[in-house]
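Chemist: Could you have a look at this structure, given as structure tokens, before my questions?
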């Protein structure tokens, strides 16, 4: 399948408000932490998701154990998990996030089956891209 165009990515980054970041790390040296902090600095509400950190707070948001614990206004899921875990993340997102509009898979992450499932539900899908890099490329 073809990845999202620059115009689609620009639209996603422009109209997204609340992002569930799956695979968030409290380690400041990890890419998920850096990307989460960057997205918050650009005005997005970032809901960190990591079962091992649930209940802790990052940038004023409680870290959630699962997508089922996230507020329903989440409109994008940013996946910092290996490709083999994407299917279960997408299934959970589809089951628990009624306002979801975008599934975003980070650099090196792709799952064509999960991508097709999300697209069949009318969602926009981006894979093997980083929203921080794309924001700097398209919106800076």
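Chemist: Can you tell me which residue within the stretch 28-47, out of those that are in contact with a strand residue (DSSP E or B) (Cβ under 9 Å, 6 or more places away or on another chain) and outside any strand (DSSP E or B), is surrounded by the most Cβ atoms within 10 Å (Cβ to Cβ)?
Modeler: Only one residue fits best here, namely 36.
Chemist: Suppose the filter is more than 24 Å from residue 38 (Cβ to Cβ), touching a residue at least 12 places away in the same chain (Cβ under 8 Å) and either in contact with a helix residue (DSSP H, G or I) (Cβ under 7 Å, 6 or more places away or on another chain) or assigned to a loop (DSSP other than H, G, I, E, B) (or both); does residue 114 pass it?
Modeler: yes
Chemist: Follow-up question, since we're still on this one. Based on this model, can you work out whether residue 132 counts as closer than 17 Å to residue 6 by Cβ and part of a helix (DSSP H, G or I)?
Modeler: Here the answer is yes, as residue 132 does meet what is asked.
Chemist: Of the residues in the stretch 48-79, how many are loosely packed, with under 15 Cβ neighbours inside 10 Å, assigned to a helix (DSSP H, G or I) and either within 16 Å of the chain's Cα centre (by Cα) or touching a residue at least 12 places away in the same chain (Cβ under 8 Å) (or both)?
Modeler: So the answer is 2.
Where a number appears in this text, it was derived from the coordinates with a stated rule and is not lab data. Bear in mind that the values here come from a model prediction, so they are computed numbers and not experimental data. FYI the Cβ positions are ideal-geometry reconstructions off the backbone, even for glycines, and counts take in every protein chain you see.
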